[in-house]
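Asks: Take a look at the following structure, please.
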Amino acid sequence: MGSKRVSIHGQWSSRWAFILAATGSAVGLGNIWKFPYITGENGGGAFVLVYLICIALIGIPIMMAEVMLGRRGRQSPVNTMEMLAVEAGHRPYWKWLGWLGVIAGFLILSYYSVIAGWALAYVFRTAFGVFTLATPDGVSSIFSDFIGAPEGLLFWHTLFMLMTMIVVARGVRGGLEKVVKFLMPGLFIMLVVLVGYAMNSGEFSRGLDFLFYPDFSKITRDGVLIAMGHAFFTLSLGMGAIMVYGSYLPSHASIARTSVMIALADTLVALMAGMVIFPVVFANNLEPGVGPGLIFQTLPLAFGHMPGGVFFGTLFFILLTFAAWSSSISLIEPAVACLVENRGVSRIHAAVTMGILCWLFGLLTVFSFNIWADFAPLGMFEHFEGKTLFDLLDYLTSNIMLPLGGLLIAIFAAWIMKCEASRDELELGEGFAYMSWRFLVRYITPIAVMIVFLRAIEVI
Ligand code: PFF
């Protein structure tokens, strides 16, 4: 049986509630917006294969480690890490790992909210029939006009950040559990409908080929880093989001089974999104590597030409907004839990303060797509040539901060924490299951992350 501590922030009503909330955190823009466009930019199949390997060998073991640490500590990641380090007879400096996560979550939310605002705006565009019978050029120019005007982006970013603040202020159990219960199955059914449409679009097999046929000549060292970074991003790992959710998990739930289920659901959603987008890309002679606008330039075309497209399209963007919403909540939860514990402020106060700061920081992303579109702060380095502030924020958080956080979590769980403590909390017994987890987290994960890092900076 795991530790008997309780969290001051409350607890999930059941294991299912945790599964739903953690899946709500994992499934979001990462699966439907980001996975297709980075797959398109990095050449398809080989990239997808590396991503899948990272999910299995790095993602799932780290998710188990994070949930385990969270449930054992039952506090915000900062205090959990400090306490568990002291408990294992080490110095309290591990709390800085918690802080790294708080900062990563803050930075990610600042741009996540802007992109979620795009999805929100597209709910209305689709509902008003803007895309009905639109041409590829028409849809692309609607998108570029949209992101070219900062006022609009600012409006939707503000609205989305307000939505996030409201749910976070109400606490983990008020609302979130209920929303996710309907959202997840809804999103899944919508994707099944869309895959059905893509199957009849004429280029389904070309789309599948692009997604699943690995051509290793197309993947670069940086591509491998991006695939690994995305495995962390899509499963919400490396920054304490899953740790803080784990701290609200009842003591008797099986961490291993739960983690595998969440990872499978998340991966399925991403692959389905790819199976919808790429056939549409090829059927309309579009370019798979157009970048962050990919889904906003392809899906409206599909909706504009399918029967009932206004209805399905509107519903799809509503569900996408909800999926982003349940993820954004978990991005800011570590910071809010930490403020409540360490500063003694109320949840509402903490949520509003963090929301306002994050909103302000989000302006960098808003302007990256228009008035600062040509501003590449690190352009003097070849590697970062042409990268806007948004590109840099995304690169820094997904490809550096999250894998680094994950690496340190693995080291902590397998090298610092006592074997008995992790065995007790994971409840896997002493046999093969526990030993394989420990082997992965102790050796495979840290070595793999380190190799990918070193190769990306061309040291090896
Ligand atoms: N996993 C979310 C997505 O795929 O959209 C994004 C995310 C949420 C990343 C929470 C990190 C996190 F802690």
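The values are calculated or read from the model by the stated rules, or taken from the named source; none is laboratory data. What you are looking at is a predicted structure, and each value in this text was computed from that prediction instead of being measured. All Cβ positions, even for glycine, are placed from backbone atoms using ideal geometry, and neighbour counts span all protein chains on display. The accessibility values were calculated without ligands, DNA or RNA, using every heavy atom of the protein model including side chains. Shrake-Rupley method; radii C 1.70, N 1.55, O 1.52, S 1.80 Å.
Residues checked against (1) of a type in the set (Val, Ile, Thr); (2) open to solvent by 70 Å² or more (accessible area, probe 1.4 Å); (3) under 21 Å from Leu84 (Cβ atoms):
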{"residue": "Gly406", "(1), (2), (3)": "no, no, yes"}
{"residue": "Phe412", "(1), (2), (3)": "no, no, yes"}
{"residue": "Lys418", "(1), (2), (3)": "no, yes, yes"}
{"residue": "Met435", "(1), (2), (3)": "no, yes, no"}
{"residue": "Val441", "(1), (2), (3)": "yes, no, yes"}
{"residue": "Pro446", "(1), (2), (3)": "no, no, yes"}
{"residue": "Met450", "(1), (2), (3)": "no, yes, no"}
{"residue": "Glu458", "(1), (2), (3)": "no, yes, no"}
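Asks: Sticking with this one: Which numbered condition in (1) more than 16 Å from the ligand (Cβ to nearest atom); (2) at pLDDT 95 or above; (3) within 24 Å of Thr365 (Cβ to Cβ); (4) of a type in the set (A, V, I, L, M, F, W, C) is the only one that Phe233 fails?
Replies: All conditions are met except number (1).
Asks: Here's something else I'd like to know. List every residue pair whose Cβ atoms sit under 7 Å apart, with the two residues 6 or more apart in sequence or on different chains, where the first one lies in region 341-355 and is more than 16 Å from Phe106 (Cα to Cα) and the second, anywhere, is of a type in the set (Ser, Thr, Tyr).
Replies: Glu341/Ser76
Asks: Which numbered condition trips up Ile53, out of (1) aliphatic (A, V, I, L, M); (2) surrounded by fewer than 21 Cβ atoms within 10 Å (Cβ to Cβ); (3) in contact (Cβ under 8 Å) with a residue 40 or more places away in the chain?
Replies: Only one criterion in (1) aliphatic (A, V, I, L, M); (2) surrounded by fewer than 21 Cβ atoms within 10 Å (Cβ to Cβ); (3) in contact (Cβ under 8 Å) with a residue 40 or more places away in the chain is unmet by Ile53, namely (3).
Asks: Another question, then. Can you confirm whether Ser217 is over 18 Å from Leu109 (Cβ atoms) and open to solvent by 50 Å² or more (accessible area, probe 1.4 Å)?
Replies: Yes: the conditions hold for Ser217.
Asks: Looking at Val180, Val168, can you tell me which residue is touching a Gly at 6+ places or on another chain (Cβ under 7 Å) and closer than 20 Å to Ser327 by Cα?
Replies: Criteria check complete, one pass: Val180.
Asks: Is it the case, given these coordinates, that Arg257 is more than 16 Å from the ligand (Cβ to nearest atom), open to solvent by 10 Å² or more (accessible area, probe 1.4 Å) and free of Cβ contacts under 8 Å to residues at least 40 places away in the same chain?
Replies: Criteria met by Arg257.
Asks: From the set of residues in region 354-413 that are part of a loop (DSSP other than H, G, I, E, B) and of a type in the set (A, V, I, L, M), which is nearest to Lys34 (Cα to Cα)?
Replies: Ala373
Asks: Taking Leu271 as meeting all but one of (1) crowded, with 24+ Cβ neighbours inside 10 Å; (2) within 20 Å of the chain's Cα centre (by Cα), write down the number of the exception.
Replies: (1)
Asks: Here's something else I'd like to know. Take Ala263 and decide whether it is within 16 Å of the ligand (Cβ to nearest atom) and surrounded by fewer than 24 Cβ atoms within 10 Å (Cβ to Cβ).
Replies: yes
Asks: Can you name the condition, by its number, that Ile371 falls short on among (1) under 26 Å from Ala231 (Cβ atoms); (2) loosely packed, with under 14 Cβ neighbours inside 10 Å?
Replies: Among (1) under 26 Å from Ala231 (Cβ atoms); (2) loosely packed, with under 14 Cβ neighbours inside 10 Å, the lone unmet condition for Ile371 is (1).
Asks: Still on this structure: Please go through region 326-353 and pick out each residue that is surrounded by 24 or more Cβ atoms within 10 Å (Cβ to Cβ) and not small (Gly, Ala, Ser).
Replies: Ile329, Leu331, Ile332, Glu333, Pro334, Val336, Cys338
Asks: Follow-up question, since we're still on this one. How about region 312-323: which of its residues are within 22 Å of Val366 (Cα to Cα) and open to solvent by 30 Å² or more (accessible area, probe 1.4 Å)?
Replies: Ile318, Phe322
Asks: Quick one: which of Ala65, Ala116, Ala149 is farther than 22 Å from Arg438 by Cα, touching a residue at least 24 places away in the same chain (Cβ under 8 Å), crowded, with 21+ Cβ neighbours inside 10 Å and not aromatic (Phe, Trp, Tyr)?
Replies: Among Ala65, Ala116, Ala149, only Ala116 is farther than 22 Å from Arg438 by Cα, touching a residue at least 24 places away in the same chain (Cβ under 8 Å), crowded, with 21+ Cβ neighbours inside 10 Å and not aromatic (Phe, Trp, Tyr).
Asks: Give the residue, chosen from Val168, Val224, that is buried (at least 20 other Cβ atoms within 10 Å of the Cβ) and either more than 16 Å from the ligand (Cβ to nearest atom) or not in a helix (DSSP H, G or I) (or both).
Replies: Val224
Asks: Now a separate question. Does region 89-97 contain at least one residue that is outside any helix (DSSP H, G or I), away from the ligand (no atom under 15 Å from the Cβ), more than 21 Å from the chain's Cα centre (by Cα) and free of Cβ contacts under 8 Å to residues at least 24 places away in the same chain?
Replies: Checked region 89-97: at least one residue is outside any helix (DSSP H, G or I), away from the ligand (no atom under 15 Å from the Cβ), more than 21 Å from the chain's Cα centre (by Cα) and free of Cβ contacts under 8 Å to residues at least 24 places away in the same chain.
Asks: Being crowded, with 20+ Cβ neighbours inside 10 Å and within 16 Å of the ligand (Cβ to nearest atom), is that true of even one residue in region 299-311?
Replies: Scanning region 299-311, I find no residue that is crowded, with 20+ Cβ neighbours inside 10 Å and within 16 Å of the ligand (Cβ to nearest atom), so the answer is no.
Asks: Regarding region 381-400, can at least one residue be identified that is surrounded by 16 or more Cβ atoms within 10 Å (Cβ to Cβ), farther than 23 Å from Leu100 by Cα and aliphatic (A, V, I, L, M)?
Replies: No - not one qualifying residue is present in region 381-400.
Asks: OK, next. Given the structure, is Phe106 aromatic (Phe, Trp, Tyr), modelled with pLDDT of 95 or more and over 30 Å from Tyr245 (Cβ atoms)?
Replies: Here the answer is no, as Phe106 does not meet what is asked.
Asks: While we're here: Given Leu183, Leu176, Leu194, which one is closer than 26 Å to Val102 by Cα and either open to solvent by less than 20 Å² (accessible area, probe 1.4 Å) or at pLDDT below 95 (or both)?
Replies: Leu176
Asks: Could you please let me know if Ser251 is assigned to a loop (DSSP other than H, G, I, E, B) and either near the ligand (Cβ under 9 Å from one of its atoms) or of a type in the set (A, V, I, L, M) (or both)?
Replies: no
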